[in-house]
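Working notes for the structure below.
The values are calculated or read from the model by the stated rules, or taken from the named source; none is laboratory data. On a predicted model such as this, the values are computed, not experimentally measured, just so you know. Because the Cβ atoms are built from the backbone with ideal geometry, glycine has one as well, and the counts that use them run over all protein chains shown.
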Amino acid sequence: MSVRSFDSWAESLCPAPRRRVQRLIVDLKLKTGLDVGCGAASPLTALRKRGFHSTGLDISAASIQAAKRLDLHDEYVEGDIRDCELQEQYDVITCCHVIEHLPREEGKVLLSRLEKMARHLVYIETPNGFREQVSVELPQRHLSGWFSHDFIARGYTVFGSGIKGIRGSYGVTRVLSEPLTRTVERATQWLVFRNPAVAGTIGAVRFRDEHGNFRNV
């Protein structure tokens with residue numbers, strides 16, 4: 001397998017972790033994926049038009065129904081990834097904004113399971129550090145914070161998205177208007193992407209080639 005760089009002008013000016021993952025999946029001809037915690041959006045959905053087969057999994061029946069209405073995936077599983085029976089392995093597993101809702105030790109167990117289930121690629125997306133959300137009930141409340149070094153130690157390459165501090169809880173802009181906040185985020189994304197320490201959100205990618213070797217992406 002070879003990893004080609006995504007050289008479009010849009011990616012050069014405003015690189016994004018999800019686009020990097022999508023490009024890797026296309027370039028490496030990966031064909032099956034599981035999206036853990038499927039909700040209103042998934043990095044796997046856009047790949048379906050290229051023959052990619054996507055499965056969405058969520059503990060919430062309401063989230064499953066919402067994903068079905070949006071036609072995000074080809075198949076759906078309602079259950080808790082920590083204990084549901086999934087015999088199949090997938091080329092790709094994505095898990096966006098899920099791990100921060102678990103205590104640290106449970107989060108580590110989750111990572112271990114996802115890494116065993118993925119043949120080639122795991123993508124984790126989470127806030128950079130602990131972002132408190134106190135006005136919501138479990139399981140929506142944040143119970144842990146995660147940093148780049150948590151994933152680098154496990155063989156992940158980590159990218160950043162959205163400059164840190166410009167948004168607060170629930171992704172709400174702190175001071176600026178929403179349009180101006182987005183403008184600032186786009187203008188600084190080229191710096192944040194390769195410097196996740198200054199990012200509001202981190203995207204961690206763990207890639208294993210056909211020989212079982214882990215590679216930076």
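Here are the numbers for the structure shown:
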{"quantity": "Residue count, the stretch 89-100 (criterion: within 17 Å of Ala204 (Cα to Cα) and either basic (Lys, Arg) or crowded, with 19+ Cβ neighbours inside 10 Å (or both))", "calculated": "8"}
{"quantity": "Enumeration of residues in the stretch 145-176 that are in a loop (DSSP other than H, G, I, E, B), over 15 Å from Gly200 (Cα atoms) and modelled with pLDDT of 95 or more", "calculated": "Ala153, Arg154, Gly155, Tyr156"}
{"quantity": "Within the stretch 69-84, tally of residues that are surrounded by fewer than 17 Cβ atoms within 10 Å (Cβ to Cβ) and either touching a Cys at 6+ places or on another chain (Cβ under 9 Å) or within 16 Å of Gly33 (Cα to Cα) (or both)", "calculated": "4"}
{"quantity": "Filter result for Thr32 (touching a Phe, Trp or Tyr at 6+ places or on another chain (Cβ under 6 Å) and either surrounded by fewer than 15 Cβ atoms within 10 Å (Cβ to Cβ) or at pLDDT 90 or above (or both))", "calculated": "yes"}
{"quantity": "The stretch 48-61, residues that are within 18 Å of Gln140 (Cα to Cα) and either in a strand (DSSP E or B) or touching a helix residue (DSSP H, G or I) at 6+ places or on another chain (Cβ under 7 Å) (or both)", "calculated": "Leu57, Asp58"}
{"quantity": "Count of the stretch 91-133 residues which are touching an Asp or Glu at 6+ places or on another chain (Cβ under 8 Å), more than 24 Å from Ala197 (Cβ to Cβ) and charged (D, E, K, R)", "calculated": "1"}
{"quantity": "Test set (1) at pLDDT 95 or above; (2) under 17 Å from the mean Cα position of the chain (by Cα) - Glu75 fails condition number", "calculated": "(2)"}
{"quantity": "Residue match in the stretch 208-216 (condition: closer than 24 Å to Leu28 by Cβ, in contact with a Cys (Cβ under 7 Å, 6 or more places away or on another chain) and among the acidic types (Asp, Glu))", "calculated": "no"}
{"quantity": "Output for the stretch 185-206, where each listed residue is touching a Phe, Trp or Tyr at 6+ places or on another chain (Cβ under 9 Å) and either aromatic (Phe, Trp, Tyr) or not in a helix (DSSP H, G or I) (or both)", "calculated": "Phe193, Arg194, Ala199, Ile202, Gly203, Ala204, Val205, Arg206"}
{"quantity": "Extreme residue, modelled with the lowest pLDDT, among residues of the stretch 101-144 that are under 13 Å from Ile202 (Cα atoms) and not polar (S, T, N, Q)", "calculated": "Arg131"}
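Rundown of residues vs (1) part of a strand (DSSP E or B); (2) free of Cβ contacts under 8 Å to residues at least 40 places away in the same chain, yes/no style:
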residue: Pro15; (1), (2): no, no
residue: Arg23; (1), (2): no, yes
residue: Asp35; (1), (2): yes, no
residue: Ala46; (1), (2): no, yes
residue: Ser63; (1), (2): no, yes
residue: Lys68; (1), (2): no, yes
residue: Glu85; (1), (2): no, yes
residue: Cys95; (1), (2): yes, no
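To keep it simple, each residue is scored yes or no on (1) touching a Ser or Thr at 6+ places or on another chain (Cβ under 8 Å); (2) without any contact (Cβ under 8 Å) to a residue 12 or more places away in the chain; (3) farther than 20 Å from Ile81 by Cα; (4) of a type outside the set (Phe, Trp, Tyr).
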position: Arg113; (1), (2), (3), (4): no, no, no, yes
position: Phe147; (1), (2), (3), (4): no, no, yes, no
position: Lys164; (1), (2), (3), (4): no, no, yes, yes
position: Thr173; (1), (2), (3), (4): yes, yes, yes, yes
position: Ser177; (1), (2), (3), (4): no, yes, yes, yes
position: Ala204; (1), (2), (3), (4): yes, no, no, yes
